[in-house]
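Colleague: Before we start, here is the structure in question, set down as structure tokens.
The values are calculated or read from the model by the stated rules, or taken from the named source; none is laboratory data. As the structure is a prediction and not an experimental result, all values here were calculated from the model. Neighbour counts run over all protein chains shown; Cβ positions are idealised from the backbone, glycine included.
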Amino acid sequence: MSDGGLVVVVPSELESGFRLAGVETVVADDPDEAIRLLDGLVARRTQGVIAVYEPFMDAVTPVRVGEIAGLVEPVVVPLPAGLETRDEGSHRARISAMLSRAVGYHITFGEEARR
């Protein structure tokens, strides 16, 4: 496993797509396994971004989420499961928050930039 770049923690049905895109993947069969894998990745990696399938992140305790959010590196972000349950404003806010966390500053889009 490399120490940098992007690695995703996803269920097996999403693995092939990420691998075909050239992304390092770690497969978890359920949220408990994903949390164990995430903890191992955080312990071993000193840089890069770890994207975790959002339904797996939903199983992480609030205390652990706070600890993960406080990390400078590696940056851990949820990987949205899809757009069908999110409205456009919520989707834009989520992407903006993810970019802000990963890049280190706030980026705005379209109308937001003119306010």
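Colleague: In region 46-85, which residues are assigned to a helix (DSSP H, G or I) and either in contact with a Pro (Cβ under 7 Å, 6 or more places away or on another chain) or under 17 Å from VAL26 (Cα atoms) (or both)?
Modeller: Of region 46-85, the ones assigned to a helix (DSSP H, G or I) are 54-57, 62-69.
Those that are assigned to a helix (DSSP H, G or I) and either in contact with a Pro (Cβ under 7 Å, 6 or more places away or on another chain) or under 17 Å from VAL26 (Cα atoms) (or both): GLU54, PRO55, PHE56, MET57.
Colleague: Moving to a separate point now. When you go through (1) surrounded by 11 or more Cβ atoms within 10 Å (Cβ to Cβ); (2) modelled with pLDDT of 65 or more; (3) part of a helix (DSSP H, G or I) one by one for ALA43, which number turns out not to apply?
Modeller: (1)
Colleague: Any residue in region 19-28 that is on the phi > 0 side of the Ramachandran plot, at pLDDT 90 or above and either under 14 Å from the mean Cα position of the chain (by Cα) or assigned to a loop (DSSP other than H, G, I, E, B) (or both)? Please lay out each step first, then the result.
Modeller: Looking only at region 19-28, we keep the residues that are on the phi > 0 side of the Ramachandran plot, and these are 22.
Now drop any that are not at pLDDT 90 or above, which leaves 22.
Still in the running and either under 14 Å from the mean Cα position of the chain (by Cα) or assigned to a loop (DSSP other than H, G, I, E, B) (or both): 22.
Checking region 19-28: at least one residue is on the phi > 0 side of the Ramachandran plot, at pLDDT 90 or above and either under 14 Å from the mean Cα position of the chain (by Cα) or assigned to a loop (DSSP other than H, G, I, E, B) (or both).
Colleague: With within 16 Å of the chain's Cα centre (by Cα), more than 20 Å from GLY5 (Cα to Cα) and either crowded, with 17+ Cβ neighbours inside 10 Å or at pLDDT below 90 (or both) as the only criterion, which of ALA51, ALA69, ALA81 stands out? Please lay out each step first, then the result.
Modeller: Numbers: ALA51 fails: more than 20 Å from GLY5 (Cα to Cα); ALA69 fails: more than 20 Å from GLY5 (Cα to Cα).
Criteria check complete, one pass: ALA81.
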